[in-house]
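Down below is the structure, laid out as structure tokens.
Each reported figure results from applying straightforward, stated rules to the coordinates on display, with no laboratory input. Please read these numbers as outputs of a predicted model, since none were measured by experiment. Glycine also receives a Cβ, built like all others from the backbone with ideal geometry; neighbour counts cover every protein chain displayed.
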Amino acid sequence: MTSLIEQAAQRLEQLKQAGVDVGLATAAAPAVTPTPTSTSAAPATVVPIPAPAVIRSPGDVSSKRVELDLDALAAQGFLTPNAPRTVMADQYRNIKRPLIRNAMNKGASTLNHANLIMVTSALPGEGKSFTSLNLAMSIAAEFDNTVMLVDADVARPSMLRMLGLPPGPGLLDVLEKEADMASVLLKTNVDKLTLLPSGRPHSRATELLASDAMSALLDDMAKRYPDRIIIFDSPPLLLTTESRVLATHMGQVVIVVQAERTPQSAVQQAVAAIEHCPLKMLLLNQASNKRSSGYGYGYGYGYGYGYGYGQADGQGDAQPGADRA
Ligand SMILES: Nc1ncnc2c1ncn2[C@@H]1O[C@H](COP(=O)(O)OP(=O)(O)O)[C@@H](O)[C@H]1O
Ligand SMILES: [Mg+2]
């Protein structure tokens, strides 16, 4: 049986020939390996689109504005604008480049919803949220692109907490037609970064995420602002089904793999679960210094993640994202 890596290499070649920018990230950690799907796989999924929910520009007066504490975020190891050049910033530069080129359809002419980028993983605790925020910050630093970060891990949302912001309405409220998009979007003091929180906890959250209303919303989001890159911090693939449904609407999927933690079989299953997605990239996240309780990061949240995975390993004291020696 050919290994996942060999298959990826073969398909990489096929994708290159099809004009897709697969990038060449050489950073030690995190690193990106594109894993294109089989070219014989299912054609683009066709979803019946009911009337789209109303989306207004985040520039609308009704959008709220929040102040991110950039110093606190930087102290926790997140990328922030104007932060000095670091190894991690360089790594994210390598990661974002092919994503942006594909999103702008400069690399690939064939991707539908190319500007919708899903960040997922096989299992909880692999660094999806960490990666999503850093990618969003990194893309927000680009001259040409605006970016929206969506907390689509509706069962276990973390974006607002991670950013030190209070809970508030968001995606689920829009899907429930209890709020319109403009009223839940949060503009930030990072000029090009807009946030879409997951919204109020909802008993049918996962059903809503996989609903036709969500498909319609995604289609509208993708088309309304083609120069905006939308990053979805998403549920893990192996524990949920809605993540797979979500993936069918995304132009690009980044699969975060926690170095030396995620079993290879889990990665294979995760990739297989979204076989139909046109462009998948594996991102090796060497979160060797993670502290799951937030201990030492300056946030007081000892918030258990509840999935029973990702026990803090407490190793080392280097910067988050720093290479394992
Ligand atoms: N590269 C990294 N360096 C340092 N800490 C990391 C890194 N990746 C993830 N973490 C930390 O690990 C924990 C779990 O990551 P998180 O992004 O919340 O996982 P997920 O969203 O996949 O469940 C968080 O405390 C996060 O800050
Ligand atoms: Mg998360």
If you scan segment 231-275, which residues turn out to be touching a Leu at 6+ places or on another chain (Cβ under 6 Å) and of a type in the set (D, E, K, R)? Glu242
Is it true that Val154 is within 24 Å of Arg200 (Cα to Cα), within 14 Å of ligand 1 (Cβ to nearest atom) and outside any helix (DSSP H, G or I)? yes
Which condition from (1) of a type in the set (A, V, I, L, M, F, W, C); (2) surrounded by fewer than 24 Cβ atoms within 10 Å (Cβ to Cβ); (3) under 26 Å from Arg261 (Cα atoms) is the one that Ala83 breaks? (3)
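Rundown of residues vs (1) over 14 Å from the mean Cα position of the chain (by Cα); (2) under 20 Å from Asn134 (Cα atoms); (3) surrounded by fewer than 19 Cβ atoms within 10 Å (Cβ to Cβ), yes/no style:
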site	(1), (2), (3)
Ser198	no, yes, no
Pro201	yes, no, yes
Asp220	yes, no, yes
Ile231	no, yes, no
Ala247	no, no, no
Val267	yes, no, no
Ile274	yes, no, no
Residues that are within 12 Å of Leu193 (Cα to Cα), in a strand (DSSP E or B) and away from ligand 1 (no atom under 13 Å from the Cβ), drawn from segment 101-150: Thr146, Val147, Met148, Val150
Does Ser183 fit the bill of being assigned to a helix (DSSP H, G or I) and more than 20 Å from the chain's Cα centre (by Cα)? yes
